[in-house]
1. Kindly provide the set of residues from the stretch 158-190 that are under 18 Å from D116 (Cβ atoms) and of a type in the set (S, T, Y), ordered by number.
2. Can you find a residue in the stretch 198-214 that is part of a helix (DSSP H, G or I) and within 22 Å of Y95 (Cβ to Cβ)?
3. So in the stretch 244-277, with the set limited to residues that are basic (K, R) and under 16 Å from the mean Cα position of the chain (by Cα), which one is nearest to D196 (Cα to Cα)?
4. In the stretch 223-241, what residues are of a type outside the set (K, R), assigned to a helix (DSSP H, G or I) and either within 17 Å of the chain's Cα centre (by Cα) or within 14 Å of F112 (Cα to Cα) (or both)?
5. Of everything in the stretch 195-229 that's in contact (Cβ under 8 Å) with a residue 60 or more places away in the chain and surrounded by fewer than 19 Cβ atoms within 10 Å (Cβ to Cβ), which residue is nearest to E161 (Cα to Cα)?
6. Based on this model, can you work out whether C68 counts as hydrophobic (A, V, I, L, M, F, W, C), over 21 Å from A195 (Cβ atoms) and assigned to a loop (DSSP other than H, G, I, E, B)?
7. Within the stretch 97-110, is there a residue that is modelled with pLDDT under 95 and loosely packed, with under 15 Cβ neighbours inside 10 Å?
8. Pairs please, first residue from the stretch 182-194 and touching a residue at least 40 places away in the same chain (Cβ under 8 Å), second anywhere and basic (K, R) and surrounded by 15 or more Cβ atoms within 10 Å (Cβ to Cβ), Cβ atoms under 6 Å, 6+ apart in sequence or on different chains.
Amino acid sequence: MTVYEPATLAQQKAVSPRGLRGMPLSGFAQMPDDRPNHAPLRVAGFGACMMSGYPHKSGGFFDTACACVADDLACSVDSKIFSFGGFPAPRAEKYLEPKVIGYAPNYIIFQFASLDALCPVRRSSLSVRVASGTDSGSPSRLRKSGSGDKPATPWSWLRWELASLLGYLRRLEPITPLSAYLPVMERMIDSCIAADVTPVVLTPFVYGSRYAMTNGVTYANALRELISNKPGAVLVDCIEVLRAYPKRAVLQHDGFHLSPNGHAAIGLAIARRITSHVQRSQANENLRRPSGLRQADGIAKFPAK
């Protein structure tokens, strides 16, 4: 488990991910939590290998998100990654309740869509170490994936275009058909809401292949429609976030794994959504209180557990 503490102004300039990237979380007022023994916000990451920052040793989107949330809410954040490298959502579902919900988090970040929606030319190229428990998808325990370890180059687009052409010619199918993926995600979202945990669902990331990208957009739209009917869930549209940058800037050479910049952009987007959700929850709670008891000290209150 990792604990993130809010940074001082000097620390922000030195180590904050947003300070390094020059992308402040504007619009969110800091809410200092000066009560003794106040329980920290608990955030769990549940997903495939990129949840742990793979193929990079540090600076993954989950760590970035937790650090920024701690900073902008001025609170401690306890976090734990449950990463299952190479596991699509249907295979990982059985671990949700005993392991992830069992951690008793306030938020669970789901990152399976990119793998489930992928239409690989060679499925063996995605092989990673099979996970057998929590944290088993950490970069140090995953097998090398070849081009996933290499940064994109000016010639990466040739590889991506070839993959796209083969996709159209072979009519490649996704790892998990949409008809199988959506029911699994709905069950997991409902399990979180029933346990008073807020699910934060990530859409697929962008792909180098235009063929896979088309499929990714289809999955993203389906997730958006699903979550629109789940008031207790939060969606992060990763395609929309990453489209603001050239693919070469946010992808590795394989056109699937995120570059350090891609991880940073997604981490900041997740932090914005969680920060906004915490603030809305606090505002709604204040509105439900008698006027004389409403919170006026600006202290962050997290969704009840």
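1. Across the stretch 158-190, the qualifying residues are T176, S179, Y181.
2. Checked the stretch 198-214: no residue is part of a helix (DSSP H, G or I) and within 22 Å of Y95 (Cβ to Cβ).
3. The qualifying residue nearest to D196 (Cα to Cα) is R273.
4. Matches in the stretch 223-241: L223, I227, C238, I239, E240, V241.
5. Only one residue tops the list, namely T218.
6. The answer is no for C68.
7. No, the stretch 97-110 contains no residue that is modelled with pLDDT under 95 and loosely packed, with under 15 Cβ neighbours inside 10 Å.
8. I189/K230
The values are calculated or read from the model by the stated rules, or taken from the named source; none is laboratory data. The shown structure was predicted, so the numbers you read here are calculated from the model rather than taken from an experiment. Cβ: placed from backbone, ideal geometry, glycine included. Neighbour counts: every protein chain shown.
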